[in-house]
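S.K.: I am attaching a structure below and will ask some questions about it afterwards.
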Amino acid sequence: MLSMVFRAISLKTFRFPTSGAFAMCFLAYLIPLSMIVCVRDIEITSDFTTNSNYTLWQLENLDKYNTVVGTHVSQLSALWVACCVSVLFIPIYSVMFYCRYRILRMLEHPGYLFNATTTLQIRRLVKVTAEKKFPK
């Protein structure tokens, strides 16, 4: 996602400050860092009877598995990690697809920003990319 945002901004402005790139990277790594910090607080159990209770005794031969780890979903840290890997993907992919759309629109209609040779090369690139993505 960061690369898409960076490409869209750099194509639009031509001068993207280094401090802005560092700020983007720092903000983007806060969520994964918070997930790592929260994982340390999750209480887990490897007890057969407790894990069988978690699965409502539906899993056959649970005692034969080498590694079975269970946890209470009601823990705040477990809820945060579940939210990060499920709910937060919606805005991430929305931003990524929007940036890809903006990049494609800028490349399809280059306008006054590029000289004639660059414009021709961009149109060829978009045409080849579209043909690979959507073969006839």
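The values are calculated or read from the model by the stated rules, or taken from the named source; none is laboratory data. Bear in mind the structure is a predicted one, so any value in this text is a computation, not a measurement. Ideal geometry is used to build each Cβ from the backbone, glycine not excepted, and the neighbour counts take in all protein chains shown.
S.K.: For segment 97-135, enumerate the residues that are hydroxyl-bearing (Ser, Thr, Tyr), surrounded by 10 or more Cβ atoms within 10 Å (Cβ to Cβ) and at pLDDT 75 or above.
M.R.: 98, 101
S.K.: Also, quick follow-up: Of the numbered conditions (1) among the hydroxyl-bearing types (Ser, Thr, Tyr); (2) surrounded by 13 or more Cβ atoms within 10 Å (Cβ to Cβ); (3) at pLDDT below 80, residue 77 fails exactly one; give the number of that condition.
M.R.: So residue 77 meets the others, but not (3).
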